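Structure record follows, encoded as structure tokens.
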């Protein structure tokens, strides 16, 4: 019984190490750009722009006035590089809920 407990504890630690390895050693494919801003436009759309080089895109959420899928939906803009802008818009005017930039 004592040996079974030792083996069980060893298996738990080994499984934890295997599960934590992808998180500990994961990296990004490209560097995050610096100086990023996201600007809303008339409560309907938003755009992102970064001062440094790197891939980014705008991410917005819009109020879902006609459905029942949680009250809002998400949209992502086109991928952009460097100072290029990434745009995205809601389906209904003045339904913009939140906006941010993703890398």
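Values quoted throughout were computed directly from the atomic coordinates according to the rules given, and no laboratory measurement underlies them. Just so it is clear, the structure is predicted and the values come from calculations on it, not from any experiment. Cβ atoms come from the backbone with ideal geometry, glycine included; neighbour counts cover every protein chain shown.
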Worksheet item: Considering the Cα trace of the stretch 37-102, what is its radius of gyration and what is Dmax, both in angstroms?
Response: 12.1, 39
Worksheet item: Residues of the stretch 59-93 with amide nitrogen under 13 Å from the 7 Å Cα-to-Cβ point of residue 103?
Response: 82
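Starting with the highest mean, order 82-94, 50-62 by the number of other Cβ atoms within 10 Å, averaged over the residues of each peptide.
Peptide ranking by packing, descending: 50-62, 82-94.
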Discussion item. If I stretch the segment between residue 72 and residue 41 completely, what's the gain in nm (0.36 nm per residue apart, minus their alpha carbon distance), one decimal?
Written reply: 9.3 nm
